[in-house]
There are 2 protein chains.
Amino acid sequence: MKAHIKITLKPGVLDPQGKAIEHALGSLGFNGVDEVRQGKFIEVELAEMDEASARAAVEQMCEKLLANTVIENYAYELVA
Amino acid sequence: MKAHIKITLKPGVLDPQGKAIEHALGSLGFNGVDEVRQGKFIEVELAEMDEASARAAVEQMCEKLLANTVIENYAYELVA
């Protein structure tokens, strides 16, 4: 079972990397880009086949290592 | 309209950051983690309201700036 995890900065947290992308898109001629935020995307391949246990494990991974929950949100989906 | 873009390394491309996460998860006691790959997640807020034009713009952004298509794949979805 695979987990697809998205980690994004909470609203209000400064995102200089997103701002840099925004400006670069502007210089390349892409108008109408209002805001860019950059986060992380992590794919974890789990041996666990039970969905409930997989969910529990992924949440623990996010809380303990993958996301800094003071400034980041996480969301995940399980893919068979 | 918002675009959620996932940029992932192509299969076979070395991912030291993913490996580091994999080892860290192992040291934290998460067994049964077979592989970890890290990519990027980018949210772009577009002024464009037409779906076809938004798709075309996002694809151009990915090809020209956001993804290095030699070693990375991209996927996106539009969110109202």
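Quick one: plug the Kirkwood hydrodynamic radius of the protein assembly as shown (C-alpha pairs) into Stokes-Einstein at 20 °C, 1.002 mPa s, and report D in µm²/s.
129 µm²/s
Using 0.36 nm times the number of residues separating A:K64 and A:K10, minus their current alpha carbon distance, what extension gain do you get?
Between A:K64 and A:K10, full extension yields an extra 17.7 nm.
Quick one: helix B:16-27 against the long Cα principal axis of chain B, what's the angle to the nearest 10°, folded into 0 to 90?
50 degrees
What is the interface area between chains B and A, defined as buried accessible area summed over both chains with a 1.4 Å probe, reported in Å² to the nearest 100?
That pair of chains buries around 2600 Å² in total.
Over segment B:2-79, what percent of the accessible surface lies on carbon and sulfur atoms, probe 1.4 Å?
Of all accessible area on segment B:2-79, carbon and sulfur atoms account for 52 percent.
Could you work out the local net charge near B:A3, counting Lys and Arg as +1, Asp and Glu as -1, over the other residues with Cβ closer than 12 Å to its Cβ?
-4
Ranked highest first by the average count of other Cβ atoms within 10 Å around their residues, in what order do B:53-64, A:23-34 fall?
Those peptides, ordered most packed to least, come out B:53-64, A:23-34.
Helix A:51-61: angle to the longest alpha-carbon principal axis of chain A, degrees 0 to 90, nearest 10?
Helix A:51-61 sits roughly 50 degrees off the main axis of chain A.
Considering every residue in A:8-20, what mean count of other chain Cβ atoms within 10 Å of its Cβ is obtained?
Partner Cβ neighbours, averaged per residue: 1.
Can you run phi through the Karplus equation (6.51, -1.76, 1.60; θ = phi - 60°) for segment A:6-15 and list ³J(HN,Hα) in whole Hz, with x for Gly and Pro?
10, 10, 10, 5, 5, x, x, 7, 4, 10
Please compute the per residue accessible area over segment B:2-79 with all protein chains in place, 1.4 Å probe, rounded to a whole number of Å².
Result: 53 Å² per residue.
Cross-link list A:K19/A:K64; A:K6/B:K19; A:K19/A:K40; A:K10/B:K64: which exceed 24 angstrom alpha carbon to alpha carbon?
A:K19/A:K64; A:K10/B:K64
Considering the options A:F41, A:G26, A:T8, tell which one lies farthest towards the positive end of the dipole of chain A, charges being +1 on Lys and Arg and -1 on Asp and Glu at the Cβ, about the Cα centre.
Toward the positive end, the furthest listed residue is A:G26.
Enumerate the whole-percent occupancy of each 10 Å bin, from 0 to the last occupied one, for all C-alpha pair distances of chain B.
17, 37, 25, 16, 4
In debye, nearest 20: dipole of chain A around its Cα centre with unit charges on the Cβ of K, R (+) and D, E (-)?
240 debye
Per DSSP helix of 4 or more residues, -39500 (n - 2.57); summed, then divided by the residues of chain B. What does that give at 222 nm, rounded to the nearest 500?
Helices in chain B give a 222 nm mean residue ellipticity of -9000 deg cm²/dmol.
On average, how many beta carbons from a partner chain sit within 10 Å of the beta carbon of a residue in A:22-34?
Whole-number average of other-chain Cβ neighbours for A:22-34 is 4.
Suppose R0 equals 30 Å. What FRET efficiency, 1/(1 + (r/R0)^6) with r the Cβ-Cβ distance, do A:S53 and B:E35 give to the nearest 0.05?
According to the calculation, E is roughly 0.95.
How large is the dipole of the protein assembly as shown about the Cα centre if only Lys and Arg carry +1 and Asp and Glu carry -1, each at its Cβ, rounded to the nearest 20 debye?
I would put it at about 380 debye.
Per residue of B:41-51, what is the mean number of Cβ atoms on other protein chains within 10 angstrom of that residue's Cβ?
Rounded to a whole number, the mean comes out at 6.
Report the Cα centroid-to-centroid distance between segment A:1-25 and segment B:6-41 in angstrom, as an integer.
18 Å
The values are calculated or read from the model by the stated rules, or taken from the named source; none is laboratory data. What you are looking at is a predicted structure, and each value in this text was computed from that prediction instead of being measured. Using ideal geometry, Cβ is built from the backbone for each residue, glycine included, and neighbour counts are taken over all protein chains shown. Heavy atoms of the whole protein, side chains included, go into the accessibility calculation; ligands, DNA and RNA do not. Shrake-Rupley method; radii C 1.70, N 1.55, O 1.52, S 1.80 Å.
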